[in-house]
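Structure record follows, encoded as structure tokens.
The values are calculated or read from the model by the stated rules, or taken from the named source; none is laboratory data. Bear in mind the structure is a predicted one, so any value in this text is a computation, not a measurement. In this analysis, Cβ positions are derived from the backbone assuming ideal geometry, glycine residues included, and neighbour counts consider all displayed protein chains. Just the protein is used for accessible areas: all its heavy atoms, side chains included, with ligands, DNA and RNA removed. Shrake-Rupley method; radii C 1.70, N 1.55, O 1.52, S 1.80 Å.
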Amino acid sequence: MLHELQISHQPYECWEAYATPQQMEALRKSAETMRERLAGRAFWTVSSTAVGGGVAETLRPLLGYVRGAGLNARWVVIVGPPDFFRITKRLHNALHGEGDADGAARLTAEDRCVYEKTLFRNALELAGLVRPGDVVMLHDPQTAGLLPHLVRLGAHVVWRCHIGHDTLTDGVRDAWDFLLPYLEHAAVLVFTRAAYVPPQLAGRPIEVIPPSIDPFSAKNQVLSEGAVRAILAHVGLLDAPAYERDACFLRQDGTPGRVDRAADVIRLGRAASPDVPLVVQVSRWDRLKDPLGVLEGFGASEELLSEHGAELVLAGPNVNAVADDPEGAGVFDEVVDAWRALPHHQRRRVHLANLPMADVEENAAIVNALQRHAAVVVQKSLHEGFGLTVTEAMWKARPVVASAVGGIQDQMEDGVHGLLLKDPRDLPAFGHAVRKLLDAPEEARQMGARAHARVHERFLGLTSLFRFSALLERLDA
Ligand code: UDP
């Protein structure tokens, strides 16, 4: 059964903490215009998972503000059999440029049949919810096939694609050939970067909107040093006293939350001591995030290990928790195998953590603490639509080493807001970049400060709210 998610009510007035009076006035005005334009109609969001990954992460707070502005925002998550999510994962990888060079992984007519049947069943359920005139925003390839059904219901449908590849390889073209028939009647198509728009969509109504983060969420809110330590000690990632009363954060609804669950950590011996510099990558267990490359690159940087005593934490969501990512468990197993194959002295400096996902906000607070405690945050992705973890680390003023791929190239400037890896597969360059930041803490601190300012200026939810309100105005709704 298609399921509808709870959206909390976020007063948009809280943006006063980060916005200028002029921006607040503009926000009030757009909220008013939107309320008038959409009076009596709903604004639907349809995605393929409620937890795990950047899409769910950005949607939750934004929809809260849309509700807070007085609009009838609703959020539903589609359901489908494992075969459907295997097909959509292949589409996802292909759109990132990781389709098979020889086309062997090209989707077949049978795959299309599974895809369409699944979305048809979801559309039947949506037909009981969506009314003519409603606005529906569909997210990513998993939901594209719903578009013609919703247009037939009389809805104004926007499709947002969070992924893409800068060059049109054969695999990318195949993936677009699969999707294009469904997109014909989209009112607007939204992309994260202009370079991701395939040539076949030239001339269509397109908006380019980069994803944003919410500074008030459990993931990004300010945490005291004491809370950071207590949270990490409690989950088993730091060897420090776990004062439970300090392992606290503020939930989106304003009530206090506490980190109660532990992480499932694979390591030799004890957790890292608080004074050990941690190199941290937080990602879904996905080959495109290259956890194996991070492990190998870190292991191979002997110099870095011995001089700074740095340790590596690779953390991701519990492998069974992300509904639309069937590859997580397999990728995690590969990482564990590679970890076991490391020489003992390297292995004891690497911690593999599956973070609890039963409570999304608790998970977010753990990620928050981990990012804040990190000496260096890395994101060595092979492809990336937009690296939300990079923005999150930048907001926390952490020095970042990230691959110069996809949206990350827009997020930071090399040497100004962090260090970019021209070739993410160049392991010595990776080790060297991490080492550079550890060697020069003052320079790293300044980069972190500039990174924070850049996120404030470009990548906070406030900017997205303005962009979406402009988009709604553009709809002939
Ligand atoms: N994330 C999380 N818990 C985890 C691992 C990841 O909340 O255990 C979040 C991470 O903080 C970020 C999102 O998942 O907000 C990943 O977004 P990103 O754009 O980096 O990658 P995606 O998963 O969308 O490809």
query: Between the helical axis of 360-373 and the dominant principal axis of the chain, each derived from Cα atoms, what acute angle in degrees is found, rounded to the nearest 10?
result: 40 degrees
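Sort 241-254, 150-163, 182-195 by packing, meaning the average of other beta carbons within 10 Å per residue, with the highest value first. Don't skip to the answer; put the middle values down first.
On the way: 241-254: 16.1, 150-163: 21.1, 182-195: 18.1.
Result, highest mean first: 150-163, 182-195, 241-254.
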task: At 0.36 nm per residue, minus the direct Cα-Cα distance, what do E32 and R86 gain on full extension? Give it in nm, one decimal, please.
output: 15.2 nm
message: Using alpha carbons only, how many angstrom separate the centre of segment 424-446 from the centre of segment 205-269?
response: 25 Å
field: Simple Cβ-charge dipole of the chain, Lys/Arg +1 and Asp/Glu -1, about Cα centre, in debye nearest 20
entry: 760 debye
- prompt: If each of F466 and T108 carries a label point 7 Å out from its Cα toward its Cβ, how far apart are those two points in nm?
  reply: 5.1 nm
statement: So the angle from the long Cα axis of helix 82-95 to the longest Cα principal axis of the chain, reported in degrees to the nearest 10, equals 80 degrees
message: Run the numbers for R270 and T20: contour at 0.36 nm per residue of separation, minus the present Cα-Cα distance, in nm.
response: 85.3 nm
message: Rounded to the nearest percent, how much of the accessible area of segment 24-156 (1.4 Å probe, protein heavy atoms only) is carbon and sulfur?
response: 53 percent
task: Determine the share of segment 199-287's accessible area contributed by carbon and sulfur atoms, expressed in whole percent, with a 1.4 angstrom probe.
output: 53 percent
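Rounded, prolate or oblate: which fits segment 217-344, taking a ≥ b ≥ c as square roots of the Cα gyration tensor eigenvalues, rounded meaning a/c under 1.5, else prolate when a/b beats b/c? Don't skip to the answer; put the middle values down first.
Details: a/c = 2.15, a/b = 1.29, b/c = 1.66.
Oblate is the answer for segment 217-344, as a/c is 1.5 or above yet b/c matches or exceeds a/b.
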task: Pairs to check: K289/K422; K117/K289; K89/K436; K29/K219. Give those whose C-alpha atoms are more than 24 Å from each other in this structure.
output: K117/K289; K89/K436; K29/K219
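In nm, what is the difference between 0.36 nm times the number of residues separating E307 and K422 and their Cα-Cα distance?
Details: separation 115, 0.36 × 115 = 41.40 nm, distance 2.51 nm.
Here the answer is 38.9 nm.
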- prompt: Roughly what angle does helix 225-235 make with the longest principal axis of the chain, taking Cα atoms, 0 to 90 degrees, to the nearest 10?
  reply: 90 degrees
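Quickly rank 135-144, 447-456, 285-294 as a protection proxy: mean count of other C-beta atoms within 10 Å, highest first.
Numbers: 135-144: 25.2, 447-456: 18.7, 285-294: 22.7.
Highest-to-lowest ranking by the protection proxy: 135-144, 285-294, 447-456.
On average, how much accessible surface per residue is there in the chain, in Å², for a 1.4 Å probe, leaving out ligands, DNA and RNA? Each step should come with its number before you reach the end.
On the way: 18930 Å² over 477 residues.
Heavy-atom SASA per residue in the chain reads 40 Å².
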statement: Reduced to Cα centres, the span from segment 53-131 to segment 325-368 in Å works out to 26 Å
task: Beta carbons within 10 angstrom, averaged per residue: use that to sort the peptides 374-387, 325-338, 23-36, 400-413, highest first.
output: 374-387, 400-413, 325-338, 23-36
Antiparallel DSSP beta bridges within the chain, percent to nearest 5: 15 percent
field: L5 paired with H185, simple spin-label distance in nm, labels 7 Å along Cα-to-beta-carbon
entry: 2.7 nm
Relative contact order %, the chain, counting alpha carbon pairs below 8 Å whose residues are six or more apart: 15 percent
